[in-house]
Amino acid sequence: MDQVLQPLLRSLETGSVYALAALGIIIVWRTSLVMHFAQGSMGMFSGTAVAYVLNHWGLPLWQAVLVGVVVAIALGFLVDFAVIRRLKRATAVGKEIITLGLIMVFLGAAPIIFGTDPMLLPKFIPSGDVSLGGANLSYNGILNISVGVLIALGLFFVLQKTKIGLAIRATASSDQTARLMGIPTRRVTLMSWALAGVLGMLAAVMIAPTVTVTPTFMNTVQVAALFACVLGGFQTFYGPVIGAYLIAVAANFLKLYVSSVWGEQLMYLLILVFLLFRPNGLIGKTYLQKV
């Protein structure tokens with residue numbers, strides 16, 4: 001039993017990281033119609049800011065995270081104001097190329113601002129674990145799972161039950177119609193980019209204790225989050241979250257029981273095969289139009 005439960009619990013922790021990053025991508029996509037390839041690099045930048053103020057300023061971890069929230073919101077505002085609003089006449093492919101270019105911007109800016117030395121970021125709960133059915137899960141792992149699930153559920157509640165959520169859903173459905181109804185779509189997109197930045201920062205802080213904080217430490221999270229959006233479908237906000245947890249579970253079990261070297265690559269191959277039969281993803285929908 002513990003041979004199944006142990007990797008499952010670890011998958012839930014990793015899946016929570018992927019889910020937060022995927023939520024940032026899908027929120028930007030639904031409100032701005034921009035594929036956010038720079039979600040991981042933006043999370044890397046704000047996560048590196050957290051590690052920098054922790055290691056060089058001596059702030060407690062929770063205060064360093066608050067600094068990271070401010071940096072993430074500022075990055076989201078900056079990208080929306082300085083880049084996205086200047087792309088009204090750009091094609092969809094052009095916008096995607098711009099976000100790919102943002103990756104290089106943040107990868108270059110991080111070592112210039114924070115230095116080139118790798119940094120470490122500790123866990124919020126340094127030690128202690130709990131035994132569940134013969135499997136062990138650290139207290140910090142429980143915290144990460146709880147943060148991922150609660151943030152996802154909180155966002156779904158806001159989207160479905162509040163006026164802000166209605167404005168986001170209206171903008172996601174039709175930007176022009178939302179503007180005609182008096183919804184400030186520019187504020188919605190601005191808020192979406194800021195929220196995506198904060199979600200990326202939280203994903204970085206959660207994954208950082210297992211790696212070294214370098215300009216590339218969020219690459220795996222970025223790839224997994226993009227695949228989660230494709231697997232879950234871009235038509236809903238909750239589909240990518242489901243896809244994120246499925247990817248984490250599949251990757252861990254394939255690496256454990258099939259191949260420790262090729263397990264992750266095999267998982268991505270299986271996703272591509274699945275998309276051949278269901279190109280809109282698990283929760284995706286096919287829209288038919290009369291011509």
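The values are calculated or read from the model by the stated rules, or taken from the named source; none is laboratory data. Bear in mind that the values here come from a model prediction, so they are computed numbers and not experimental data. Cβ sites come from the backbone with ideal geometry, for glycine too, and all protein chains shown count toward neighbours.
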## Note on the structure
Within the range 225-276, restricting to residues that are among the polar types (S, T, N, Q) and surrounded by 16 or more Cβ atoms within 10 Å (Cβ to Cβ), the one that is nearest to residue 159 (Cα to Cα) is 236
### Task
Search the range 163-174 for residues being farther than 19 Å from residue 24 by Cβ and polar (S, T, N, Q), and hand back the single one that is surrounded by the fewest Cβ atoms within 10 Å (Cβ to Cβ).
173
### Query
Looking at this structure, is residue 16 buried (at least 18 other Cβ atoms within 10 Å of the Cβ), in contact with a Lys or Arg (Cβ under 9 Å, 6 or more places away or on another chain), in contact (Cβ under 8 Å) with a residue 40 or more places away in the chain and of a type in the set (Ser, Thr, Tyr)?
no
#### Entry: Qualifying residue in the range 38-60 (condition: in a loop (DSSP other than H, G, I, E, B), surrounded by 22 or more Cβ atoms within 10 Å (Cβ to Cβ) and in contact (Cβ under 8 Å) with a residue 60 or more places away in the chain)
yes
### Task
Among what's in the range 75-97 and is touching a residue at least 60 places away in the same chain (Cβ under 8 Å) and aliphatic (A, V, I, L, M), pick the residue that is surrounded by the fewest Cβ atoms within 10 Å (Cβ to Cβ).
84
#### Entry: All positions within the range 19-37 that are surrounded by fewer than 24 Cβ atoms within 10 Å (Cβ to Cβ) and not in a loop (DSSP other than H, G, I, E, B)
29, 30
## Note on the structure
Within the range 269-283, residues closer than 19 Å to residue 11 by Cβ and at pLDDT 90 or above come out as 269, 270, 271, 274
### Query
Is it the case that the range 185-208 has a residue that's in contact with a strand residue (DSSP E or B) (Cβ under 7 Å, 6 or more places away or on another chain) and either under 26 Å from residue 283 (Cα atoms) or surrounded by 24 or more Cβ atoms within 10 Å (Cβ to Cβ) (or both)?
no
### Message
Here is a list: 228, 224, 196. Which entry is modelled with pLDDT of 85 or more, in contact with a His (Cβ under 9 Å, 6 or more places away or on another chain) and among the small types (Gly, Ala, Ser)?
### Response
196
### Query
If a residue has to be more than 20 Å from residue 28 (Cβ to Cβ), of a type in the set (Val, Ile, Thr) and not in a loop (DSSP other than H, G, I, E, B) to count, how many in the range 120-159 make the cut?
5
### Task
Hey, can you tell me all the residues within the range 181-204 that are of a type outside the set (A, V, I, L, M, F, W, C) and at negative phi?
184, 185, 186, 187, 189, 192, 197, 200
